[in-house]
Structures are given as structure tokens and as C-alpha cells.
1. What fraction of the DSSP beta bridges in segment 57-224 is antiparallel, stated in percent and rounded to the nearest 5?
2. Which of Y196, Y163 comes first, and how do the rest follow, when ranked by fewest Cβ neighbours within 10 Å?
3. Apply the Debye scattering formula to segment 64-108, with a single equal point scatterer on each alpha-carbon and no solvent, then give log10 I(q)/I(0) at q = 0.19, 0.23, 0.24 Å⁻¹.
4. Applying the Karplus parametrisation 6.51 cos²θ - 1.76 cosθ + 1.60 with θ = phi - 60° to the phi angles of segment 190-203, what ³J(HN,Hα) value in whole Hz is obtained for each residue in order, glycine and proline being reported as x?
5. Can you list residues whose amide H is under 5 Å from A204's amide H, if they're 5+ apart or on another chain and H is modeled 1.01 Å from N?
6. Given H placed on each backbone N at 1.01 Å, which residues far from L50 in sequence or on other chains put an amide H within less than 5 Å of it?
7. Considering the Cα positions of segment 129-185, please state its Rg to one decimal place and its Dmax as a whole number of Å.
8. Compute for segment 166-230: radius of gyration divided by Kirkwood radius, i.e. Rg/Rh, restricted to C-alpha atoms, rounded to two decimals.
Amino acid sequence: MPEIMIILDQLNGAMLIEGPDRLSAETLGRMTELAGAAREIGCARPIEILPPPVATAEERAASDCVRIAGYYHNSLTEGPGRRSSVLFQSCPLACKGCWVPELHDSNAGVLVPASRLAAALLDPDYRRDGVSILGGEPFAQPGALSSLVRELRARGCSHILCYSGYTYEALRERAKRKPAVSDALDELDILVDGPYIEALAVGAGAWTGSGNQRVIDLAATRCKGHVVLC
């Protein structure tokens, strides 16, 4: 019998099932009878996305801004514990089979001051164990990413995870030309790295989209001087 992962959200009673296509039609039918009709979600594709925080043109002109598509709370699949997550707009990689191709366009999305976005992600009305930054490709906006991470830290966020379609090694090479890449890497707690490879999706882990992607403990990596996996 195939193994599947089931996560129960104790706050709202939602049940998340990883890989339901591996279940028999009879089993899926019984689960639907018990829990109701299912809705498909995937990496960076939650049930409900909140619109970007509103900011005036004057605020945007006077602030470091991030181009995003939206954000959401109560994610249980994008890092340890319960997460608040943001979707960065723009991705030059455009991996085949990407769940969110609408995030590829660098001209779409909305510019939001990093300070305003950090406040929205840390909304005290929601519980969280940290913030996860997804895309798109967050490192396509290295200055904005670094600014957001600084704002989150200034507001007391103790754990920040970031996804990237680039490998850690490739990002370190990019950092030689773009210091903001290094600034972000030096402040993040976890990096999930590597492109999404559709053929390896069945080998994905709890927080990854395909089996090639790594979950890197950046604090330990900085301390040891070599890549340390979580």
C-alpha cells in the first residue's frame, strides 16, 4: 500500500493529504464522504491568497519595495510548524511544470514597501512559527529580499525560510556580483534550493517540490563552512 502524508490543522480542522493520486478511487471516495470535497493546492498555491497590502505612491517612492503577488497565513507545508508566507513576483527560470506560472512575469504583481509587507506577514491575529518567502524567484529581487528580511528581523521574527530555484552554490557565485544576495543569505535560517524538476516530483520531501531540492540549515552552514542539510 502506498505511503501518504496526512496533516491535520488543529486550528481550523483542515486535513492536508500529500499525493492523493496514489490512493485508490474507493479510498478517496470514502475520505470525501467523511471530510467533504477536496481542493487541490501545491507549492506556493494555497487555498486563499490575501492581496498585497495597499500603499500610496508616495510611500512606495520613499521606501524599499518588494514586488509581490500576495501573501497568506497558516501554511503547514512550507517549513517547520505554522508559517506566514509571501509570493514574490518574477522568475527568470520558468521551470517546466511550475505550479505558479502566473508568478513568472516581472511586470505583474504589486510593489509594496518592505516595512508594510513585514507588518502584514507578522499580523498578531495569526499564529506562526516563522515566515516563508516563495516565488516566483525571491533572489530575482535581491535588494528587496534583503530589505524584507531586515524588516522582519527588526519586528522580532525569529525564523525565516526562503525558496530559490538557484542552488546555494550558484547563489554564492551571484553574491560576488550582487552583494544583496549575500546580505540575504547571511540572515536567513533555511534555504530550500534548486529548480523544480517535474520528473522528480514524486521524490519530493515535506517542504520541497521535487526530489533534487535541498533543505539547507544556513545557520549551521555558515558556522561549518560547508552545506549542512536540515
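1. That works out to approximately 55 percent antiparallel.
2. Y196, Y163
3. -0.70, -0.89, -0.92
4. Rounded to whole hertz, the list is 9, 10, 9, 10, x, x, 6, 10, 4, 5, 9, 4, 5, x.
5. G211
6. Y71, Y72
7. 11.0, 33
8. Looking at segment 166-230, the ratio lands at 1.00.
Taken together, the values in this text are just the output of simple stated rules run on the coordinates, not laboratory data. Just so it is clear, the model here is predicted, and its values are computed rather than measured. Note: ideal-geometry Cβ built from the backbone for every residue, glycine included; neighbour counts use all protein chains shown.
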